[in-house]
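The values are calculated or read from the model by the stated rules, or taken from the named source; none is laboratory data. Computed from a predicted model, the values in this text were never measured in an experiment. As a convention, Cβ positions derive from the backbone with ideal geometry for all residues, glycine included, and neighbour counts pool all protein chains shown.
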Amino acid sequence: MAAGLAHPLTYSVILDQQLGLHLPPHVYYMWLAMIILFSCGFILRGRLQLVPGGLQNLFETVIGGLEDFVVLNIGEEGRKVFPFLCAMFIFILVMNYIGLIPGCDAATANVNTNAAMALSVFVYYNFIGIKKWGFGYIKHFMGPVIFLAPLMLILEIVSHLARPLSLTLRLFGNIRGEEIVLVLLFILAPVLGTLPMYFLFILGKTIQAFIFFMLTMIYLKGSLEHAH
Amino acid sequence: MFFFKRDKPSEALVLFGNVATIGMQLVVATFIGLAMGYYLDEWLGTQPWLLIIFLLLGIITGFRDVYREAMRLQRGADAQSSGPGSGPDGDDAKGGSGRQGK
C-alpha cells in the first residue's frame, strides 16, 4: 500500500516497532524480496534436475527466454552482461509484485530504491564501455562529423545524464501510482473494487520491470557496439 | 508463464515496453539541460545566458533521442516484416488460387 496516505498500517511498521531500528518501509520490503530470491536460489541449487519441474521449470523459462532475447539484440557479447540484466529484471519484478500483497508496499514505490538501481546501471554500462574500448570510448560521444564534435559532446552528455533520471522516474511514477490507485479503490469499494485492478496491475508491473531491463540492455548495446 | 510464450518474452511485452519509453526521454532531457544551465550559471556568474543555451540544447537532445528511438523501432519492425516465413508470398498464392477457382 502507498505510504504517505494517512499512515497506512503495513507489516513493516509493526516489524519496525518490534525491532526498534527506525528504518523506512521500503528497506524492509527490499529485504523481503532479497530473502525470497535467495531462498529460491538455495532451494533450486540443492535439487537441480535434468528434467526440470515446478519452480525450476519456471525459472528456466524466464531466464532462458531473456537470455535468447538479449543474445538476439546484443549478439554473443550479450552473454557476458546477461547476469546483471537478468538479476535486475527478476529483482524488480519481485519487488513490484510484493506491492500487490495486501498490507505490503512495493519497494520500487520509493524514489531512493529506483535511483540506486538506475545509478548502478549508469555506472555499469559506462564501465563496460571503458573496459572494452579504453580511451576510444569517447568516440561514442563525438558523433560522425569531426567539426561538430564539441556540440555533439554536450548533447551526448545531456542525453546520458537523462538516462538514469528517466529510468528512476518512470519506474517510481508507475509503481507508486498503481499503489495509490489500489489504496483509493480499496477505500471506495473494499474487495470488489480492487480485484479487477489486480489483473491490470500484474500486467503493468511486469511491463515496468521489463522496460527497466530492456532499456538497460539498449544502453549496454550502445556502449558495446562500435561508435559510428 | 503468461508473459513468456514459447520461451520468449511475448510480443505485447516488447511492444508496450518500446512505446512506453519514448515520452519520458523528451521531458527528462529538457530538465537535465535546464539544471545544467542553472548550476553552470551559478558557478560562473553569467546569469541568464548559459541557462537559455543549455535549455535549448536539452530540448534538442530530447527530440534527437525520440527520433533515434523511433528509427530504432522502425528498423525492428522492418526486420520483422521481412523475416522468414511471412509476408506477401503466401497471400499472393492464396489470392491467385482463388481467382483461378472462379
Practice problem: Look at residue A:36 and say whether it is more than 14 Å from chain B (Cβ to nearest Cβ), buried (at least 19 other Cβ atoms within 10 Å of the Cβ), under 27 Å from residue A:204 (Cβ atoms) and β-branched (Val, Ile, Thr). | Solution: no
Exercise. Please verify whether the range B:34-43 includes one or more residues that are facing chain A (nearest Cβ under 8 Å) and touching an Asp or Glu at 6+ places or on another chain (Cβ under 8 Å).
Key: no
Quiz item: Does residue A:43 fit the bill of being exposed (fewer than 12 other Cβ atoms within 10 Å of the Cβ), touching a residue at least 12 places away in the same chain (Cβ under 8 Å), hydrophobic (A, V, I, L, M, F, W, C) and in a helix (DSSP H, G or I)?
Solution: yes
Exercise. Kindly indicate whether residue A:171 is buried (at least 21 other Cβ atoms within 10 Å of the Cβ), closer than 30 Å to residue A:71 by Cβ and touching a residue at least 40 places away in the same chain (Cβ under 8 Å).
Key: yes
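So that you can scan it fast, the table gives a plain yes or no per residue for (1) among the β-branched types (Val, Ile, Thr); (2) surrounded by fewer than 21 Cβ atoms within 10 Å (Cβ to Cβ); (3) at positive phi:
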residue	(1), (2), (3)
A:167	no, no, no
A:197	no, yes, no
A:213	no, no, no
A:216	yes, no, no
Practice problem: With the condition kept exactly as written, say whether any residue in the range B:52-59 is in a helix (DSSP H, G or I), more than 22 Å from residue A:212 (Cβ to Cβ), within 7 Å of chain A (Cβ to nearest Cβ) and at pLDDT 90 or above. | Solution: yes
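Conditions (1) modelled with pLDDT of 90 or more; (2) part of a helix (DSSP H, G or I); (3) over 25 Å from residue A:223 (Cβ atoms), marked per residue:
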residue	(1), (2), (3)
A:153	no, yes, no
A:173	yes, yes, yes
A:182	no, yes, yes
A:186	no, yes, yes
